[in-house]
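Worksheet: one structure, shown below.
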Amino acid sequence: MRAPKALLIPVVALLLVASVTGQVRLLSPSQGQVLYPTRVVRIEWDNPTALPVDLRYSTDHGATWIPIASALPTRSFEWQVPLLDTVGVLIQVQLMATAAPRVIAEYELPDSVRSAWWSGQSTGVVALSRRGILCRIEGALLSARGGYILGLDSSALMCPYPGARDSALVAIGGRLVVVSTVRGEVGGALGGEHSAAFTALVVHPRLPLVAAGYADGTLRLWNVAERRMLGSVLSQALGAVTAIAFHPDGKLLAHSGADGVIIVEPWETLGSSTNRIWLRHADNLSKAYAVTALAFSPRGKYLASAGLDGTVRLWDYANWYAERVFGELGSTPQALAFS
């Protein structure tokens, strides 16, 4: 005869505390409610504002906080309780208000930055100044290396060369030239001259393609491997194309104009797609700001836009709204990059 198996059900008692502004109030679970690890509990809160919220919890009386979920536009969330070795847990819900980003490191370059991106495995930065000076910065705490004077004009833009870690494509006026970011050498030109100057430039994440925006509002796609232009369309945004970015999976292209309108659409049907997403870098319906830079997050869920209002907006673009606004930057951001 078999002995009956012991049934063990771990239980954790949660002490629930809402440490928030006066505008937001935690409704459930109630204080002292017993919850089972690995089971799902519904967290609910009252939020009369239109701002999204962050949820997090603490197991050391609020000394440190662990995220539960971020940028929630709703008033409830299904949370799977983790395995905890404590019976006292604080839960916090807080508004995502306008905030200044935390600066990790600063570098003093010869003049204002025109283009910048992470090099290698996000271990360094490559930047091009407005006077055409190329800087390569390696390491979080190292000084700038290089400082090559490329003899470029103030309209120069730069992006990584597809598949070549130490090379870049630089747009000078209406031309594209290849540049070594290690030696500062200028190589051959790509494509022919165009009457309108380059205003935005981005490389495809997987294919040997480059998308370029021009002062006349034109978008052009270039095949770098074959050194030829694939197509040219007129952007639906107003005026010059001020910023452009590829989605990490390479299927979508985001571009914007002087009217602050941001358009996200498949690049293969650029200009004729019926699946466009329209966003607006604006404070309200009547006031919009020209976009100076665009960047998708590494997994492609978010799109960041920098504007002439001196803010950076983090968009949940698939749902057509901005989850967070970073202000207090001091001046207009000219380049954006996610690590």
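The values are calculated or read from the model by the stated rules, or taken from the named source; none is laboratory data. Computed from a predicted structure; not experimentally measured. Cβ sites come from the backbone with ideal geometry, for glycine too, and all protein chains shown count toward neighbours.
Please report, ordered by residue number, the strands (runs of 3 or more DSSP E) entirely within region 222-320 with at least 1 residues that are assigned by TED's automatic domain parsing to the domain that holds residue 196 and under 18 Å from residue 334 (Cβ atoms).
241-246, 252-257, 261-266, 291-296, 303-307, 312-316
Of these, 263, 277, which one is modelled with pLDDT under 90 and closer than 24 Å to residue 159 by Cα?
The conditions single out 263.
Looking at region 138-152, is at least one residue at pLDDT 70 or above and either surrounded by fewer than 22 Cβ atoms within 10 Å (Cβ to Cβ) or of a type in the set (Lys, Arg) (or both)?
Within region 138-152, not a single residue is at pLDDT 70 or above and either surrounded by fewer than 22 Cβ atoms within 10 Å (Cβ to Cβ) or of a type in the set (Lys, Arg) (or both).
From the set of residues in region 223-245 that are surrounded by 23 or more Cβ atoms within 10 Å (Cβ to Cβ) and not aliphatic (A, V, I, L, M), which is modelled with the highest pLDDT?
Across region 223-245, the extreme among qualifying residues is 242.
In the set 260, 300, 271, 310, which member is at positive phi and in contact with a Pro (Cβ under 6 Å, 6 or more places away or on another chain)?
Going through 260, 300, 271, 310 in turn, just one is at positive phi and in contact with a Pro (Cβ under 6 Å, 6 or more places away or on another chain): 300.
Right, residue 250: modelled with pLDDT of 85 or more and on the phi > 0 side of the Ramachandran plot or not?
So residue 250 fits the description; yes.
When you scan region 70-87, how many residues do you find that are surrounded by 14 or more Cβ atoms within 10 Å (Cβ to Cβ) and modelled with pLDDT under 80?
Total satisfying the criteria: 4.
Residues in region 58-81 that are assigned to a loop (DSSP other than H, G, I, E, B), under 26 Å from the mean Cα position of the chain (by Cα) and touching a residue at least 12 places away in the same chain (Cβ under 8 Å): how many?
Total meeting the criteria: 3.
Just one of 234, 230 is more than 28 Å from residue 187 (Cα to Cα) and free of Cβ contacts under 8 Å to residues at least 40 places away in the same chain; which is it?
234
Exactly one condition in (1) touching a helix residue (DSSP H, G or I) at 6+ places or on another chain (Cβ under 6 Å); (2) touching a residue at least 60 places away in the same chain (Cβ under 8 Å) is false for residue 264; which is it?
Here residue 264 clears every test but (2).
Go through region 230-263 and give me each residue that's under 18 Å from the mean Cα position of the chain (by Cα) and of a type in the set (Ser, Thr, Tyr).
Of everything in region 230-263, those that are under 18 Å from the mean Cα position of the chain (by Cα) and of a type in the set (Ser, Thr, Tyr) turn out to be 242, 256.
Do the conditions hold for residue 205, that is, is it touching an Asp or Glu at 6+ places or on another chain (Cβ under 8 Å), part of a loop (DSSP other than H, G, I, E, B) and assigned by TED's automatic domain parsing to the domain that holds residue 307?
Considered against the rule, which asks whether it is touching an Asp or Glu at 6+ places or on another chain (Cβ under 8 Å), part of a loop (DSSP other than H, G, I, E, B) and assigned by TED's automatic domain parsing to the domain that holds residue 307, residue 205 comes out as yes.
May I ask you to say which residue of 290, 304 is crowded, with 17+ Cβ neighbours inside 10 Å and in contact with a Gly (Cβ under 8 Å, 6 or more places away or on another chain)?
Going through 290, 304 in turn, the sole match is 290.
Taking residue 55, is it in a loop (DSSP other than H, G, I, E, B), within 22 Å of the chain's Cα centre (by Cα) and within 19 Å of residue 24 (Cα to Cα)?
The answer is no for residue 55.
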